[in-house]
Amino acid sequence: MSADDVDYNMKSPLGGKIGVPCRNTKSGPVQGTLVAGQDVKVFFDGTTTQQGGDCQFAVSYDNGTTFAVLWDKLGNCFLDTVNGGYEIPIPDRLPAAKSAVFAWTFIPATGSRSYYMNCVDVRVENYGKQETFTGKELLVVNVPGKPSLAPVSSESNDMLPS
């Protein structure tokens, strides 16, 4: 992968050479900490809501090869944020790690259904009971090699790939 294949524009959808996971970015220094059993506040920049859509927040312990979903916001993501963001619950059994990947994805409710994804390297702290965490698999659509969601009108919202 060349430097030209990395997308640093966090507001554009994935596609073409810019792919999953994490916009083709390599892991970097830890930028924050998730604490098991506590919420993390996630803020969004900008005012475009794209009439809502589906968001997922997930964690990866293998540099983005697989992701386990922590929280879904289906149908009205961006339409009901509190002060520009959401409180994402971090499960109390999430294992500690010196480095993990925290990801956010978005599929607009209407229009082309482009796939957006952004990631950040985090540390995970857990001071209690730790278990293997297996959340549901992250939905990845409308990028090369993955299922497609057809464009839809504002009257329907279906997260099932065709």
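The values are calculated or read from the model by the stated rules, or taken from the named source; none is laboratory data. None of these values were measured; they are calculated from a predicted model. Here Cβ is always computed from backbone atoms with ideal geometry, including for glycine, and neighbour counts include all displayed protein chains. Please note that ligands, DNA and RNA were not included when accessible areas were found on the heavy atoms of the full protein model with its side chains. Shrake-Rupley method; radii C 1.70, N 1.55, O 1.52, S 1.80 Å.
Things worth noting here:
Residues checked against (1) at pLDDT 85 or above; (2) open to solvent by less than 20 Å² (accessible area, probe 1.4 Å); (3) closer than 16 Å to Gly32 by Cβ; (4) out of contact with any Pro (no Cβ under 6 Å at 6 or more places or on another chain):
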position	(1), (2), (3), (4)
Gly64	yes, yes, no, no
Ile107	yes, yes, no, yes
Asn118	yes, no, yes, yes
Leu139	yes, no, no, yes
Glu155	no, no, no, yes
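- Asp54 being without any contact (Cβ under 8 Å) to a residue 24 or more places away in the chain and assigned to a strand (DSSP E or B): no
- Strands (runs of 3 or more DSSP E) completely within segment 67-149 that count 2 or more residues being in contact with a Gly (Cβ under 7 Å, 6 or more places away or on another chain): 68-73, 97-108, 116-125
- Top-ranked residue in segment 30-51 [being at pLDDT 90 or above and not in a strand (DSSP E or B); ranked as nearest to Gln130 (Cα to Cα)]: Ala36
- For segment 96-147, filtering for residues that are at positive phi and within 16 Å of the chain's Cα centre (by Cα) leaves 2.
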